[in-house]
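Trainee: Got a structure here, written out as structure tokens. Questions coming.
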Amino acid sequence: MRHAMGAKGVQLYTACNLWYEHPQRMWSTGYRKGAIIPAGTAIHNLTKSKKWMKYYVLFVNPATRIQHGILWAHGHHPGIQLEDYVRRTFSDKTFEQLVEGLTPEEVSSIHKGEVVPGMSKRAVCISWGHPPEIGTPTLEATQWKYWIHRFATSFVNFEGDKVVSLA
């Protein structure tokens with residue numbers, strides 16, 4: 001069962017950096033381990049697929065010709081639907097449009113896949129993606145929880161809109 005996603009004829013891009021160890025087995029939790037697909041990377045053939053009672057978001061990176069599959073871990077995203085996840089992970093904006101208005105330091109950190117003190121919440125979302133709702137129910141929180149891999153997490157602490165520390 002496959003469904004096309006996105007408007008026909010609209011070029012889509014990654015709205016944030018995405019990491020993978022195995023192209024076909026990425027996680028919607030956003031593990032930061034392995035190779036990186038940079039924010040603003042053009043993608044083709046964005047679809048969702050249901051296989052063995054699990055949903056996957058599939059897309060092709062035309063530069064590498066690799067098809068990637070992101071497993072939708074619904075339990076890690078209480079309160080949102082697969083379509084919400086897709087809308088914030090993929091965009092019709094180029095990298096330049098995504099980072100418009102950010103500081104050169106934020107843009108440099110995003111290119112490196114880093115989060116550093118002084119970054120805005122918007123820049124963190126582009127660099128590391130939205131934090132999974134199971135650890136961060138709202139972006140208004142002063143601490144966001146991210147997973148590095150299945151057994152390790154990290155926290156980004158904010159004062160107002162700016163990162164003040166990482167733990």
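Bear in mind these aren't lab numbers, they're just calculated from the coordinates by the rules spelled out. Computed from a predicted model, the values in this text were never measured in an experiment. So basically every Cβ, Gly included, is an ideal-geometry build from the backbone, and we count neighbours across all protein chains shown.
Trainee: Using only Cα atoms, what Kirkwood radius does the range 1-82 have, in angstroms?
Mentor: Kirkwood hydrodynamic radius for the range 1-82: 13.2 Å.
Trainee: Right, next: With +1 on the Cβ of every Lys and Arg and -1 on the Cβ of every Asp and Glu, and nothing else charged, how large is the dipole of the chain about its Cα centre, in debye rounded to the nearest 20? Can you show the working numbers first?
Mentor: On the way: 19 positive and 13 negative charges, 177 e Å.
It comes to approximately 840 debye.
Trainee: For the range 106-166, build the convex hull from the C-alpha positions and give me its volume per residue in Å³. Don't skip to the answer; put the middle values down first.
Mentor: Numbers: hull volume 4.2 nm³, N = 61.
Spelled out: Cα convex hull of the range 106-166, divided by residues, is 69 Å³.
Trainee: Roughly what would the spin-label model give for residue 88 and residue 152, points 7 Å off Cα along C-beta, in nm?
Mentor: Placing both labels 7 Å along Cα→Cβ, they lie 2.5 nm apart.
Trainee: Within the range 100-120, which residues have the backbone N less than 19 Å from the label spot 7 Å out from residue 164 along Cα→beta-carbon, could you tell me?
Mentor: 115-120
Trainee: What value does the range 8-141 have for Rg/Rh, both radii from Cα atoms and Rh as Kirkwood defines it?
Mentor: Rg/Rh for the range 8-141 comes to 0.94.
Trainee: For the chain, what is the calculated [θ] at 222 nm in deg cm²/dmol (nearest 500), taking -39500 (n - 2.57) for each run of four or more DSSP H residues and dividing by its residue count? Spell out each step's value before the answer.
Mentor: Details: 4 runs with 29 residues, N = 167.
The helix-only estimate for the chain comes to -4500 deg cm²/dmol at 222 nm.
Trainee: Pick from 130, 22, 149: which is most flexible by mean-square fluctuation in a GNM of the chain where alpha carbon atoms under 10 Å apart are linked?
Mentor: 22
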